[in-house]
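Novice: Dumping the structure here so I can ask a few things about it.
The values are calculated or read from the model by the stated rules, or taken from the named source; none is laboratory data. If you're wondering where the values come from, they're calculated on a predicted model, not measured in any experiment. All Cβ positions, even for glycine, are placed from backbone atoms using ideal geometry, and neighbour counts span all protein chains on display. To get the accessible areas, we keep the full protein, side chains included, count just its heavy atoms, and leave off ligands, DNA and RNA. Shrake-Rupley method; radii C 1.70, N 1.55, O 1.52, S 1.80 Å.
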Amino acid sequence: MTQLQSVSSPSIHSEDRAHEADHPTSPVAKFGIDQPLKLDCGIDLAPFQIAYQTYGELNADRSNAILICHALTLDQHVANVHPLTGKAGWWEIMVGPGRPLDTDRYFIICSNVIGGCMGSTGPASTNPATGKAWGLDFPIITIPDMVRAQAMLLDRLGIETLLCVIGGSMGGMQVLQWTAAYPERVFSALPVACSTRHSAQNIAFHELGRQAVMADPDWHHGRYFERGTHPHRGLAVARMAGHITYLSDAALHRKFGRRMQDRELPTFSFDADFQVESYLRYQGSSFVERFDANSYLYLTRAMDYFDIAADHDGVLAEAFRGIKTRFCVVSFTSDWLFPTSESRALVHALNASSARVSFAEIETDRGHDAFLLDVPEFFDISRAFLESAGKARGLDSTGG
């Protein structure tokens, strides 16, 4: 008989994820009925909350703050142990004492985006009107909505301007939105491995992932919390498909090739015969332990809708006209999700708007996820850009 093997069920209970959605292991900024978040869909979201983490100390004149904007499947736990998985922060390689984002010099902030599932209000949060999870009753959110919420958080923290906004992928989209919407608040910007709008191919990949989630019988039209289920199979498949786009053919070949997983001969079944199959299944099963399926739907849709030139009659340069922000745009040669051509288009638009911009295309075979990995050239570029921005802003070597 032919054997079948599916993605394993998550070991973290849905109750743990639900608790983290409403009562996160992070500082929380709460906004009441009188402080709504005005969404692009026309709805005023209130009350709502934003969960965040900070690292380092804010200096006396509040001029050393750096905002990190996280990517689609990440969260605010940049450089601390993740409360659900127990794993190290996703950017500890970049954030910490003596690292490019030096916490001995800078005050680092990262918030969970609106629509996320790690403490900021989203579809996994409790709807105060019903006492149940929002589910699909949660309004559609956009990248500009995320940035408005972050601006409200900074207001709450008493931070008027940022030394830098930095982020990769969906985080890079937020960086660009910050510079277009609040140019006077951003001294410098470091958008990495991103684009000014989502391509048709990227929208297609996201639709594949969403359909995988919604086809899972445990999804229940987004009401799985009420049914005591979680569409972990569909979400795992979505993650597996998405993860392929974060890598490159060269990286997959170097890491796995066609090597077998703990065997010398094929099993003539649908077990994970190949190492790359086992790796993808692990990526899928570990992802569902920490992420909410509905949040995946909402955040991928937010990325799809992003088009920063749309509000400027389709002329990208107009989005940055007269901007004083310093830019450093970074891309990676093997990134086919957000290829270098899209970064070059951004740089050309910035040049046309007379912005100060530098550009680096880093040669690596690590694909889109290179900004999360050990790529020394990226570290060096980021460190030098931040030091230059700090010097221009009058920070001393200690961030004061």
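Novice: Pick from 320, 359: which is farther than 23 Å from residue 208 by Cβ and touching a Pro at 6+ places or on another chain (Cβ under 9 Å)? Reasoning before the result, please.
Specialist: Details: 359 fails: touching a Pro at 6+ places or on another chain (Cβ under 9 Å).
320 is the lone residue from the list that is farther than 23 Å from residue 208 by Cβ and touching a Pro at 6+ places or on another chain (Cβ under 9 Å).
Novice: So is residue 49 free of Cβ contacts under 8 Å to residues at least 60 places away in the same chain, within 23 Å of residue 291 (Cβ to Cβ) and not hydroxyl-bearing (Ser, Thr, Tyr) or not? Outline the logic, then answer.
Specialist: Numbers: free of Cβ contacts under 8 Å to residues at least 60 places away in the same chain: no; within 23 Å of residue 291 (Cβ to Cβ): yes; not hydroxyl-bearing (Ser, Thr, Tyr): yes.
It is false that residue 49 is free of Cβ contacts under 8 Å to residues at least 60 places away in the same chain, within 23 Å of residue 291 (Cβ to Cβ) and not hydroxyl-bearing (Ser, Thr, Tyr).
Novice: Moving on. Using the structure shown, decide if residue 333 is free of Cβ contacts under 8 Å to residues at least 24 places away in the same chain and either among the aliphatic types (A, V, I, L, M) or open to solvent by 10 Å² or more (accessible area, probe 1.4 Å) (or both).
Specialist: On the way: free of Cβ contacts under 8 Å to residues at least 24 places away in the same chain: no; either among the aliphatic types (A, V, I, L, M) or open to solvent by 10 Å² or more (accessible area, probe 1.4 Å) (or both): yes.
Against the criterion (free of Cβ contacts under 8 Å to residues at least 24 places away in the same chain and either among the aliphatic types (A, V, I, L, M) or open to solvent by 10 Å² or more (accessible area, probe 1.4 Å) (or both)), residue 333 does not qualify.
Novice: Within segment 242-256, can one find any residue that is modelled with pLDDT of 90 or more and of a type in the set (D, E, K, R)?
Specialist: yes
Novice: Taking the condition of being modelled with pLDDT of 95 or more and either open to solvent by less than 10 Å² (accessible area, probe 1.4 Å) or under 30 Å from residue 47 (Cβ atoms) (or both), how many residues in segment 84-118 meet it?
Specialist: Final tally of qualifying residues: 21.
Novice: Let me ask something additional. Just checking, how many residues over segment 274-327 are closer than 17 Å to residue 118 by Cβ, open to solvent by 30 Å² or more (accessible area, probe 1.4 Å) and acidic (Asp, Glu)?
Specialist: Of segment 274-327, the ones closer than 17 Å to residue 118 by Cβ are 286-300, 302.
Adding the requirement that they be open to solvent by 30 Å² or more (accessible area, probe 1.4 Å) leaves 289-290.
The next check asks that each one be acidic (Asp, Glu); those that pass are 289.
Here the count works out to 1.
Novice: Within segment 380-393, is even one residue outside any loop (DSSP other than H, G, I, E, B), of a type in the set (Lys, Arg), within 30 Å of residue 122 (Cα to Cα) and open to solvent by 20 Å² or more (accessible area, probe 1.4 Å)?
Specialist: Residues of segment 380-393 outside any loop (DSSP other than H, G, I, E, B): 380-393.
When the remaining residues are screened for being of a type in the set (Lys, Arg), the result is 383, 391, 393.
Applying the additional criterion that residues be within 30 Å of residue 122 (Cα to Cα) yields none.
No; the residues of segment 380-393 include none that is outside any loop (DSSP other than H, G, I, E, B), of a type in the set (Lys, Arg), within 30 Å of residue 122 (Cα to Cα) and open to solvent by 20 Å² or more (accessible area, probe 1.4 Å).
Novice: Let me ask you something else. Assess whether residue 121 counts as being open to solvent by 20 Å² or more (accessible area, probe 1.4 Å) and either more than 19 Å from residue 296 (Cβ to Cβ) or modelled with pLDDT of 95 or more (or both). Give the derivation first.
Specialist: On the way: open to solvent by 20 Å² or more (accessible area, probe 1.4 Å): no; either more than 19 Å from residue 296 (Cβ to Cβ) or modelled with pLDDT of 95 or more (or both): yes.
Against the criterion (open to solvent by 20 Å² or more (accessible area, probe 1.4 Å) and either more than 19 Å from residue 296 (Cβ to Cβ) or modelled with pLDDT of 95 or more (or both)), residue 121 does not qualify.
Novice: Now for a different question. Answer yes if at least one residue in segment 41-59 is under 21 Å from the mean Cα position of the chain (by Cα), within 18 Å of residue 379 (Cα to Cα) and not aromatic (Phe, Trp, Tyr), and no otherwise.
Specialist: Among the residues of segment 41-59, not one is under 21 Å from the mean Cα position of the chain (by Cα), within 18 Å of residue 379 (Cα to Cα) and not aromatic (Phe, Trp, Tyr), which makes the answer no.
Novice: Of the residues 131, 135, only one is more than 18 Å from residue 64 (Cα to Cα), open to solvent by less than 10 Å² (accessible area, probe 1.4 Å) and either over 16 Å from the mean Cα position of the chain (by Cα) or modelled with pLDDT under 95 (or both); which?
Specialist: Values: 131 fails: open to solvent by less than 10 Å² (accessible area, probe 1.4 Å).
After ruling out the rest, the residue left standing is 135.
Novice: Output yes when any residue across segment 178-186 is aromatic (Phe, Trp, Tyr), in contact with a Lys or Arg (Cβ under 8 Å, 6 or more places away or on another chain) and surrounded by 21 or more Cβ atoms within 10 Å (Cβ to Cβ), and no when none is. Working first, answer last.
Specialist: In the first step, residues of segment 178-186 are kept if they are aromatic (Phe, Trp, Tyr); the result is 178, 182.
Those left that are additionally in contact with a Lys or Arg (Cβ under 8 Å, 6 or more places away or on another chain): 178.
Now drop any that are not surrounded by 21 or more Cβ atoms within 10 Å (Cβ to Cβ), which leaves 178.
There is at least one residue in segment 178-186 that is aromatic (Phe, Trp, Tyr), in contact with a Lys or Arg (Cβ under 8 Å, 6 or more places away or on another chain) and surrounded by 21 or more Cβ atoms within 10 Å (Cβ to Cβ).
Novice: Still on this structure, please answer the following. Consider segment 216-265. How many of its residues are charged (D, E, K, R), surrounded by 16 or more Cβ atoms within 10 Å (Cβ to Cβ) and closer than 17 Å to residue 134 by Cβ? Spell out how you get there, then give the answer.
Specialist: Within segment 216-265, the first condition is being charged (D, E, K, R), and the residues that meet it are 216, 218, 223, 226-227, 233, 239, 249, 254-255, 258-259, 262-264.
Now drop any that are not surrounded by 16 or more Cβ atoms within 10 Å (Cβ to Cβ), which leaves 216, 218, 233, 239.
Subsequent filtering for residues that are closer than 17 Å to residue 134 by Cβ retains none.
Residues flagged as charged (D, E, K, R), surrounded by 16 or more Cβ atoms within 10 Å (Cβ to Cβ) and closer than 17 Å to residue 134 by Cβ within segment 216-265 amount to 0.
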